[in-house]
Amino acid sequence: MNDDLLISLSNIFEKYSCFLVGGYLRNYFINKEISFDRDIAVIEKSKELALDIAQKTNGTFIELDCENEIYRVVLPDKKNYFDVSRILNDDIKADIKRRDFTINSIFYDLNKKEFLDYSNGINDIKNKIIKTINLNNLKDDPLRMLRLYRFISTTGFSADTETENFCKNNFHLVKNCAIERINTEIIHIFEGENIANTLLIMAQDNVLEQIFPFVKEIKKIPPNSHHHLDLLHHSIETVKNIRINKPLLKIAAFYHDIGKPKTWTIEENGRHRFIGHDNLGGVLVCEELKHLNFSTKAINYISKMVKNHIYPAALVNNDDTQKAFARFVRKIGEDTPDLIELSRADRLSAQGPDISPEMVERALCHLDNLLNYYNKVINEVKNPKSLLNGREIMTLLNLKPSRKVGEIIEALIEQQLMNKVTTKKEAIEFVKNTF
């Protein structure tokens, strides 16, 4: 195995009976980019091995679970790390039998340089099948049932029928797991390249709404003149159309219409309306994400995306495009490219009978123009600086310190972003003539 980091530690491994295990090997066999985390299982001396690795690499030694002898070594680059654990009862076959899926049960002897595959995991990887080693293992740790969908998303493999049926019938046990662990799996699911198909499978298995309660409500919204899909499938299609590999943005895409069920009305002409669903959605998504243990930073980002997902498209018919663009960029800031991407994905996922190809093309062209504008003014957005400071404005207009001074500075910066004011002289003229 051609891994420079492992090779550099070979003289340490020689002192132990130790094995590389887990996701690192799974990724190796599917030719996926090797991850930064390496799991090592060792007979007896897990703490000693972890300490030796820490000393050799100048890494940081961390005790994760002293009772079960599990330790972590974080390398100085803060990206690579080793998790070192003791093999169950110092019996390799017993350790393998207690693992979740066959694709995760392969061992690689770090000294003999050979693979140990007692559960045919390599063959299942070749056949792209996710199969549990023992159904009781899923019941012993119900989170593994959620991990099934994580691996469907990240590998593109299909679940073994017996394994999937067991998860479908026992998924309610997942709620008994620590919410922190559930949150971690959710993030991993949305990191996968096959996230859209995974969400469809979870919906078919009736497990999706057990993790995301809002799904129960959006399933009730049918297709309409502006949407060729029902709301659940529109939401999943929006996730599919996100081109940026950012799990939080994909989560925002999944949630972007969470406000629609509570704002749904049907007019006399049969048109479906969802007035204010964007603002309400920005509030509702916070409640759900708090229950799922997302960080405040993540919640604020996703809420911002949901609340403003209509904003980019709403600028299409604005008469003063440059001014509208400037205000948009000032409000959204560095999240502008993500919000434009969400708006694009939403547009492509909503093409009902009243939406012509020309309307879609016009919207996409508009979003490209908005993104190009942002890229031109990105430095000013990151470091906005008014050509006139507050003291100069107060002297010019004979004002005292007040909120109005701040409003004038904001208006001046907006003019600068539109290139309508480029010098201090022009700034003075703008302030005098406008305020």
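The values are calculated or read from the model by the stated rules, or taken from the named source; none is laboratory data. Just so it is clear, the structure is predicted and the values come from calculations on it, not from any experiment. Reconstructed Cβ throughout: ideal geometry from the backbone, glycine too, with neighbour counts over all protein chains shown.
A few notes on this one:
- Options Leu397, Leu339; residue that is free of Cβ contacts under 8 Å to residues at least 60 places away in the same chain and not assigned by TED's automatic domain parsing to the domain that holds Lys307: Leu397
- Every residue from region 403-423 that is among the basic types (Lys, Arg) and surrounded by 12 or more Cβ atoms within 10 Å (Cβ to Cβ): Lys404, Lys420
- Any hit, region 90-100, residues being exposed (fewer than 15 other Cβ atoms within 10 Å of the Cβ) and either of a type in the set (Val, Ile, Thr) or at positive phi (or both): yes
- Residue, surrounded by the fewest Cβ atoms within 10 Å (Cβ to Cβ), within region 112-169, restricted to residues that are at positive phi and over 28 Å from the mean Cα position of the chain (by Cα): Lys113
- Checking Lys56 against (1) farther than 18 Å from Thr154 by Cα; (2) surrounded by fewer than 17 Cβ atoms within 10 Å (Cβ to Cβ); (3) free of Cβ contacts under 8 Å to residues at least 24 places away in the same chain, the condition it does not meet: (3)
- Hey, Leu200 crowded, with 20+ Cβ neighbours inside 10 Å and either at pLDDT below 95 or part of a helix (DSSP H, G or I) (or both) or not: no
- Some residue of region 276-287 being surrounded by fewer than 19 Cβ atoms within 10 Å (Cβ to Cβ), outside any loop (DSSP other than H, G, I, E, B) and under 17 Å from the mean Cα position of the chain (by Cα): yes
- Residues of region 83-116 satisfying the condition of being over 16 Å from Arg38 (Cβ atoms), of a type in the set (Asp, Glu) and in contact with a strand residue (DSSP E or B) (Cβ under 7 Å, 6 or more places away or on another chain): Asp95, Asp100
- Of the helices (runs of 4 or more DSSP H) contained entirely in region 328-411, those carrying at least 3 residues that are over 30 Å from Asp257 (Cα atoms) and not aliphatic (A, V, I, L, M) fall at 357-382, 390-397.
- Residues (over 10 Å from Asn194 (Cβ atoms) and of a type in the set (S, T, N, Q)) located in region 127-158: Asn127, Thr132, Asn134, Asn136, Asn137, Ser158
- Contacts under 8 angstrom Cβ, first residue in region 257-273 being at negative phi, partner surrounded by fewer than 10 Cβ atoms within 10 Å (Cβ to Cβ) and not basic (Lys, Arg), 6 or more apart: His272/Thr265; Arg273/Thr265; Arg273/Glu267
- Put simply, of Ile186, Ile122 the only residue that is part of a helix (DSSP H, G or I), in the same structural domain as Ser35 (by TED's automatic domain parsing) and not aromatic (Phe, Trp, Tyr) is Ile122.
- Any chance Lys290 is outside the structural domain of Ala178 (by TED's automatic domain parsing), surrounded by 13 or more Cβ atoms within 10 Å (Cβ to Cβ) and touching a helix residue (DSSP H, G or I) at 6+ places or on another chain (Cβ under 8 Å): no
- Test: residue in region 153-167 that is free of Cβ contacts under 8 Å to residues at least 12 places away in the same chain and in a helix (DSSP H, G or I): yes
- Only residues that are among the aliphatic types (A, V, I, L, M) and part of a loop (DSSP other than H, G, I, E, B) were counted in region 412-426, giving 2.
- For region 136-152, the criterion of being polar (S, T, N, Q), outside the structural domain of Leu9 (by TED's automatic domain parsing) and over 30 Å from Ile302 (Cβ atoms) is met by at least one residue.
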